[in-house]
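Okay, so here's the structure we're looking at.
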Amino acid sequence: MTKQGDEKRARRGSNRLLGRTRAAAILGAAALTGTGGLLFGAGFQDGASKPSESEKIESMREAQQRFIELRTQISKERAQLAETKQFLGDRTDLLETEIAALRRAIEEQAKKADTSGERLTKLKAEKAALRDGTASLEGEIAGLEARVLELLPRLPAPVKETVSQLALGIPGNESAKSDAQKAAEAAAADAVGDQPVNEAAKAQAGAPDLYTRFIQVVGVMNSADKFNTDTHVKTETHSLPSGKAEVAVLYLGLSQAFFAKAPSEDGKSPAFAARGVPTEEGFDWKPVTESAQEILRAIAIYGGSEQAAFVNLPTVIDSATGGAR
């Protein structure tokens, strides 16, 4: 029993030594320089048996396998490193290209900003010039409006009817507004005055723009000029010695007008004629009954019921204005 136990302990010791030998063989194989030599003994104890040839070969084979695996792993790592470097290089080139493009874009935007600044400065200058021109134009239009307001009362009734809507919008033309319109505007002005707005806004409340004001003035002047370049016959209601009646009125432009009423057949209503001239209060009508027949004849010629002929009308030249009176 003692001998068997000693043998078992010897085998266990041999196995331990063999394991140490394999480990040393692996470490030694890793340190080989190509001579194929393998150093042993560092891990052996005195009195231990040396490993067999087959164990040495097995240890060398395992060391060589491990060496191959390490070389393979190193090759893979190098390949992966090269691939990573290539990827990073391509990525770096791409980023440099994008940076260059962004720099060019920034430079272009800077140039555009400079151009925009110059354009803004130019627009501001143009705006200032337009503001000055608008102020000058507003003064001109205001002057025209004042002259038109002076002209309106002198216009014949037919022209006043034609331009009534245009004249109504001219600032300061209070005479053309009805009482209801004046009351509505006063109420609107009071409503604006109650609101917390500045004085400029109050002044501009309801005021037409320059274009509208200009169109109104031009419209009135065109209508007046068109009427002044021709002869017209209009039916109007006028006061006669026998009462109000509708009569045909002959207008010689804007300078003067005539109307006449023939005597009635029963002799109760005598003939009557009048001549009207423009004044600041409207047309002023004066009797010219002695010219009733000539006036009636002129109206008949205009209407085509009589042939054209020279007719003496009671016109008078106003030396002060150069117009017919």
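Being among the hydrophobic types (A, V, I, L, M, F, W, C) and either surrounded by 20 or more Cβ atoms within 10 Å (Cβ to Cβ) or at pLDDT below 90 (or both) is the filter here; which residues of region 272-282 pass it? Residues satisfying the conditions are Phe272, Ala273, Ala274.
Restricting to region 271-307, and then to whatever is β-branched (Val, Ile, Thr) and in contact with a strand residue (DSSP E or B) (Cβ under 9 Å, 6 or more places away or on another chain), can you tell me which residue is farthest from Arg147 (Cα to Cα)? Once the filter is applied, the top-ranked residue is Thr289. Screening the candidates Val288, Val277 for the property of being of a type in the set (Val, Ile, Thr), under 54 Å from the mean Cα position of the chain (by Cα) and either under 12 Å from Thr315 (Cβ atoms) or not assigned by TED's automatic domain parsing to the domain that holds Leu313 (or both) yields one hit, Val277.
Screening region 145-158 for residues that are buried (at least 19 other Cβ atoms within 10 Å of the Cβ) and more than 41 Å from the chain's Cα centre (by Cα) and picking the one that is nearest to Thr212 (Cα to Cα) gives Leu155. Of the set (1) among the polar types (S, T, N, Q); (2) surrounded by fewer than 11 Cβ atoms within 10 Å (Cβ to Cβ); (3) over 28 Å from the mean Cα position of the chain (by Cα), all apply to Thr115 but (3).
Taking the options Val247, Val197, name whichever one is more than 30 Å from Ser269 (Cα to Cα) and either assigned by TED's automatic domain parsing to the domain that holds Ile317 or at pLDDT below 90 (or both). The match here is Val197.
Within region 32-52, is there a residue that is assigned to a helix (DSSP H, G or I), at pLDDT 50 or above, more than 60 Å from the chain's Cα centre (by Cα) and surrounded by 10 or more Cβ atoms within 10 Å (Cβ to Cβ)? Within region 32-52 (the criterion being assigned to a helix (DSSP H, G or I), at pLDDT 50 or above, more than 60 Å from the chain's Cα centre (by Cα) and surrounded by 10 or more Cβ atoms within 10 Å (Cβ to Cβ)), the answer is no, since none of the residues qualifies. Residue count for region 250-278, restricted to those that are touching a helix residue (DSSP H, G or I) at 6+ places or on another chain (Cβ under 9 Å), more than 20 Å from Ile301 (Cβ to Cβ) and in a loop (DSSP other than H, G, I, E, B): 3.
The values are calculated or read from the model by the stated rules, or taken from the named source; none is laboratory data. Small disclaimer: the values here were computed from a predicted structure and weren't measured. FYI the Cβ positions are ideal-geometry reconstructions off the backbone, even for glycines, and counts take in every protein chain you see.
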